[in-house]
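Participant: Can you read through this structure? Questions will come right after.
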Amino acid sequence: MMAESVATDRDKGETDGVADHGTASDDQAEAALAVEGVSKRFGGDENGVLAVDDVSLSVKHGSVVGLLGPNGAGKTTLIKCALGIVIPDAGSVRVFGTDVSAGRRAAYADVDAMLEGARNDYWRLTVRENLRYFATIHGIDPDSVAKRHERLLDRFDLQKKADTPVRELSRGMKQKVSLASVLAGGAELVFLDEPTVGLDVESSRRLRRELRRLADEEGLTIVLSSHDMAVVEAVCDRVVMMANGQIVADDTVAALLSGADRDVIRVESTDIDDAVVATLRRLFDVRSVESVAGRTRVEVAAAGDVLYDLMDTLRKAGITVEHIESVQPDLEEVFVNLTGMGLDGEDGSRGSP
């Protein structure tokens, strides 16, 4: 969380806790976040690492934008450039219409963040005290947002631990407190880097619902970086995919999925051996082959009549198909198709048995 560094600037720079971003019409005309031509190299010379390479993007008020890409793609560096933690070598960042380089306090007055791996809360304080503290340094009377805090405690299943020092909580519970603290002060733009790390399935679902509600009902703008495809697909209006420091795709979730190949068939059988795989590769567009629980799983592009040809080929080879299904594309598959690599940074292709 950037609560301590960003919000402290607000506490120092704004007597009433509200930054002056101009008139309402000006606010509507300006993006909540505008990144233009940002580049950042670590190492200082040509042998250094170009982490972000001439990236431009904008984020509208009240939208949820996902940053997707493997480790080393430049996502975290881009977020840190947007937050002013890392100074870019080139380009500009505007937050609510304010150029960060010209006015840091005004730019970040209504911004908060939770960064992966950072110590986000005061562990000696209780859960409830953390929420009140972060609301206070945001320039907000914590009593005025008590109902919001109670809702956050409820949504993140923290009510029973509300008066427990954070240092006594499990890793997953601490992650929930960090998320609740980011949302406690009423920031208009929040950055969340891997927010579901350490959360169980139900907590992750609650997080999705709460983030979507905050965007839809309260106009919260969210930039979210995650490897959790369920969160990205459920919450984000738009996804920005990065690889090697550059943006390789920027579109709505629906548009990205609609452009994926939906005519892939997955078949599984213990009868499929290397000879059968060789035949399938010769006759069809085989996307992947892998061994699963003693069976061979093959994914084949089989649109229209090709599906009938595939079944005929398997039948003639004496193969008993034990499982068959249509493969529904997900964002990770879209990313692999665009870059040839998986979200773990490895080659996106799968090997054969």
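Participant: Provide His61, His323 in ascending order of the number of other Cβ atoms located within 10 Å of each residue's Cβ, fewest first.
Facilitator: Final ranking by Cβ density, sparse to dense: His323, His61.
Participant: How much FRET efficiency would the formula 1/(1 + (r/R0)^6) give for Val306 and Ser101, where r is the Cβ-Cβ distance and R0 is 56 Å, rounded to 0.05?
Facilitator: Here the calculated transfer efficiency is 0.50.
Participant: Can I ask one more? For the chain, what is the mean residue ellipticity at 222 nm derived from helices alone (per DSSP H run of n ≥ 4: -39500 (n - 2.57); sum divided by total residues; nearest 500 deg cm²/dmol)?
Facilitator: Estimated from H runs of four or more residues: -10500 deg cm²/dmol.
Participant: Only bridges with both residues in the range 87-230 count here: give the DSSP antiparallel percent, nearest 5.
Facilitator: So the antiparallel bridges amount to about 25 percent of the total.
Participant: Further question: Quick check for you: which residues of the range 276-294 have the amide N under 17 Å from the point 7 Å beyond the Cα of Arg266 toward its beta carbon?
Facilitator: Counting backbone N atoms under 17 Å from the label point, the list is 286-294.
Participant: Name the residues whose placed amide hydrogens come within less than 5 Å of the amide hydrogen of Ala302, ignoring near sequence neighbours (fewer than 5 apart) on the same chain.
Facilitator: Correct list: Val264, Ile265.
Participant: Considering amide H positions built from the backbone, and no H for Pro or chain starts, which residues 5 or more places from Leu224, or on another chain, come under 5 Å of its amide H?
Facilitator: Val65, Gly66, Leu67, Leu192
Participant: Please arrange Asp250, Asp273 by counting, for each residue, the other beta carbons lying within 10 Å of its beta carbon, fewest first.
Facilitator: By the 10 Å Cβ count, ascending, the order reads Asp273, Asp250.
Participant: Only bridges whose two residues both fall in the chain count here: according to DSSP, what percent of them are antiparallel, nearest 5?
Facilitator: Approximately 70 percent, going by the DSSP bridge assignments.
Participant: Now, a different point. Which of Asp312, Asp143, Asp237 moves most in a GNM of the chain, Cα contacts under 10 Å?
Facilitator: Sorting by GNM fluctuation, first place goes to Asp312.
Participant: Kindly express, to the nearest 10 degrees and within the range 0 to 90, the angle between helix 127-137's C-alpha long axis and the longest C-alpha principal axis of the chain.
Facilitator: With rounding to tens, the tilt is 60 degrees.
Participant: Grab the Cα-Cα distance for Lys60 and Gln159, subtract it from 0.36 nm times how many residues apart they are, and report the gain in nm with one decimal.
Facilitator: Contour length minus the Cα-Cα distance gives 32.3 nm.
Participant: Sticking with this structure for a sec: Using only Cα atoms and rounding to the nearest 10 degrees, what angle (0 to 90) does helix 3-13 make with the longest principal axis of the chain?
Facilitator: 30 degrees
Participant: Please list 3J(HN,Hα) in residue order for the range 312-324, calculated via the Karplus relation 6.51 cos²θ - 1.76 cosθ + 1.60 where θ = phi - 60°; whole Hz, with x for glycine and proline.
Facilitator: Calculated HN-Hα couplings, in order: 4, 5, 5, 5, 5, 7, x, 8, 8, 6, 8, 7, 9 Hz.
Participant: What range in the chain is the longest one free of trypsin sites (Lys or Arg not before Pro) that are in a loop by DSSP and have at most 13 other Cβ atoms within 10 angstrom? Let's see the in-between values first.
Facilitator: On the way: sites that count: Arg119, Arg124, Arg262, Arg350.
Between the exposed loop sites, the longest stretch runs 125-261.
Participant: Regarding the chain, what's the average projected area of the Cα-atom convex hull, expressed in nm²? Don't skip to the end; give the middle numbers.
Facilitator: Numbers: hull surface 85.9 nm².
Spelled out: convex hull of the Cα atoms, projected over all directions, averaged, 21.5 nm².
Participant: For Lys161, go through the lysines and keep the ones whose alpha-carbon is under 18 Å away, minus same-chain ones fewer than eight residues off.
Facilitator: In chain and number order, the partners are Lys147, Lys174, Lys176.
Participant: Okay, next question. Could you derive backbone 3J(HN,Hα) for the range 291-299 from the dihedral phi with the Karplus parameters 6.51, -1.76 and 1.60 (θ = phi - 60°), listing whole Hz in sequence and x where the residue is Gly or Pro?
Facilitator: Those phi angles translate into 8, 9, 6, x, 10, 9, 10, 10, 10 Hz.
No value in this document is a laboratory result; all are computed from the given coordinates. Note that the structure is a prediction, hence the values are computed from the model and not measured. Quick reminder, even Gly has a Cβ in these numbers, built from the backbone with ideal geometry, and neighbours come from all protein chains shown.
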